[in-house]
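The block underneath contains the structure these notes are about, expressed in structure tokens.
The values are calculated or read from the model by the stated rules, or taken from the named source; none is laboratory data. Everything quoted here is computed from the prediction, not taken from an experiment. FYI the Cβ positions are ideal-geometry reconstructions off the backbone, even for glycines, and counts take in every protein chain you see.
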Amino acid sequence: MHYDVVVLGGGSAGYVAGSILARNNLKVAVIEKKAFGGVCVNSGCVPSIFLSDISFLFSRLEELGNYKGLNISISKDNFFKKRDEIINYLSDAGRKLIEDAGGDTFIGEGKINGDKEIEVNGEKIGFEKLIIATGSSSVPPQIDGIDYAISEDEAVNLHEIPSSMVVIGGGYAGTEIAQIFARLGSNVTLITRGKILKEITEDARNILLDSFDWDNIQIYENTEIKHIKDEKVITNKGEFKGEIIVYATGRKPNFPYGLELLGVKSFSNGIEVNNNMETDNPRVHAIGDVIDKEKKVAHAAMSEGMIAALDILGIKETIDYNSIPQVIYTDPQIGIVGNISDVSKINKFPITATTRATISGFREGYAKIGIDNSGKIVYGEIVSNIAEELINILSLAIREKMNIKDLIFSSFIHPSLSEAIINCARSFYNLDVDRFKGMKNES
Ligand SMILES: Cc1cc2nc3c(=O)[nH]c(=O)nc-3n(C[C@H](O)[C@H](O)[C@H](O)COP(=O)(O)OP(=O)(O)OC[C@H]3O[C@@H](n4cnc5c(N)ncnc54)[C@H](O)[C@@H]3O)c2cc1C
């Protein structure tokens, strides 16, 4: 069997590349070891956001109902079953989209025999071009007794709510998991070696810390773990019991078997590629979490899949990584885009000063915009329950190198939370009339 292009890995990056190439009438095979959709669908974004939605409803519905004069009560049913159905649907859809576009799919581990051949389930497959899209896996910290613990990927696929949980790691995944299970009823302790979410601003961090306090999450920062013994995590600050112990302490790229035969350059963080996702070997591209880059998120992986496919079709496009937003799916969500070190002036507008927040009862958050000396928008930060949507506006503004004046004279829907962004822009010119003077620095 011979293909124009073989894509190794059917996750976020691989299914996009495979589908585009197949739509353009190339003979394409996508090989997937476990389940199409990869980490995002099977053990990442999809299950964690599903559970985050459930935990939001569970902890906030009553309060939001009360605000509007409603008496709402909610009880738990078998939502884990629904989560599994959604995962299966989306994984199946990932495979079907490739096939619908005209590509072939294989389930099995692909082993590279050289830069012209790959093997799957004992079958040899020839190719003109190879795209490596094998993603990343969680790495357990080196602690005695860590075998007792489960990874972040496994935590979002649990089928029961543990009575207690210890989460090791204070990054995006660790904080999301801690809040989800605390709200679902677990007694949660979050332990981290340094500060939690050390990469975000103090403004955003303080709002989240308040929220975690409200959720009764016990947080231990600057804490060293000595070892784990059965259900106990033993640290320099005491012993913490977790019926389930979760580690969310980092990931490593999945280098496929035989990678060394391709002569591509790789580091511990991934395979080196140029702006067009080309490796050192002209027959090989690499995309997604397996490449050496900073932002290992699904939407970047999907864009890289598109860039690699277009490159193979002879079209050179590039990604502006600086404008790729990131969101922490806590409550409230934190959305960040751009580079804060490029900022010469920064303003903030409270979400609570929008009419929409007053109608809906949203009680915290803000839109923050940073500009450079010329007025160009270079940084955006949103803290809000729909930061996942709002931050995209600022992502576009940064990508299109918009000046702050371009935003001021846009009209966004009224009433909507996105008016916080417009008002933040207007605040650079003292035009943010919805804010009382005393609200200058409030969130
Ligand atoms: C708990 C959690 C929550 C997350 N939440 C978000 C979020 O909300 N938003 C977001 O943008 N990102 C999120 N991410 C990150 C996101 O899941 C990844 O960035 C994304 O999945 C990367 O896509 P990928 O295609 O590069 O790799 P993957 O999704 O890892 O896919 C790679 C695929 O390759 C397969 N594979 C590996 N080796 C071989 C081989 N030799 N042969 C055949 N197949 C192989 C694997 O089985 C896998 O299916 C989250 C991650 C986790 C763990």
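For residue 131, only one of the following conditions fails: (1) buried (at least 24 other Cβ atoms within 10 Å of the Cβ); (2) not assigned by TED's automatic domain parsing to the domain that holds residue 50. What is its number? For residue 131, the exception is condition (2).
Any residue that is under 23 Å from residue 9 (Cα atoms) and buried (at least 17 other Cβ atoms within 10 Å of the Cβ) - is there at least one of those in segment 313-323? The answer is yes, given that some residue of segment 313-323 is under 23 Å from residue 9 (Cα atoms) and buried (at least 17 other Cβ atoms within 10 Å of the Cβ). State whether the residues of segment 84-101 include one that is of a type in the set (Gly, Ala, Ser) and exposed (fewer than 14 other Cβ atoms within 10 Å of the Cβ). No, segment 84-101 contains no residue that is of a type in the set (Gly, Ala, Ser) and exposed (fewer than 14 other Cβ atoms within 10 Å of the Cβ).
The criterion of at least 2 residues that are away from the ligand (no atom under 11 Å from the Cβ) and either closer than 28 Å to residue 121 by Cα or of a type in the set (D, E, K, R) (or both) is met, among strands (runs of 3 or more DSSP E) falling completely within segment 227-307, by 238-241, 284-286.
Return a yes/no flag: does segment 24-39 have any residue that is loosely packed, with under 15 Cβ neighbours inside 10 Å, out of contact with any Leu (no Cβ under 9 Å at 6 or more places or on another chain) and touching a residue at least 24 places away in the same chain (Cβ under 8 Å). So far as segment 24-39 goes, yes, one or more of its residues are loosely packed, with under 15 Cβ neighbours inside 10 Å, out of contact with any Leu (no Cβ under 9 Å at 6 or more places or on another chain) and touching a residue at least 24 places away in the same chain (Cβ under 8 Å).
When segment 105-131 is filtered for residues that are more than 9 Å from the ligand (Cβ to nearest atom) and touching a helix residue (DSSP H, G or I) at 6+ places or on another chain (Cβ under 8 Å), the ones remaining, listed by number, are 105, 113, 114, 115, 129, 130, 131.
Annotation note: Cβ proximity below 6 Å between a residue of segment 244-266 that is of a type in the set (S, T, N, Q) and a residue that is assigned to a loop (DSSP other than H, G, I, E, B) (sequence gap 6+ or interchain) occurs for 249/141; 249/169; 254/134; 254/135.
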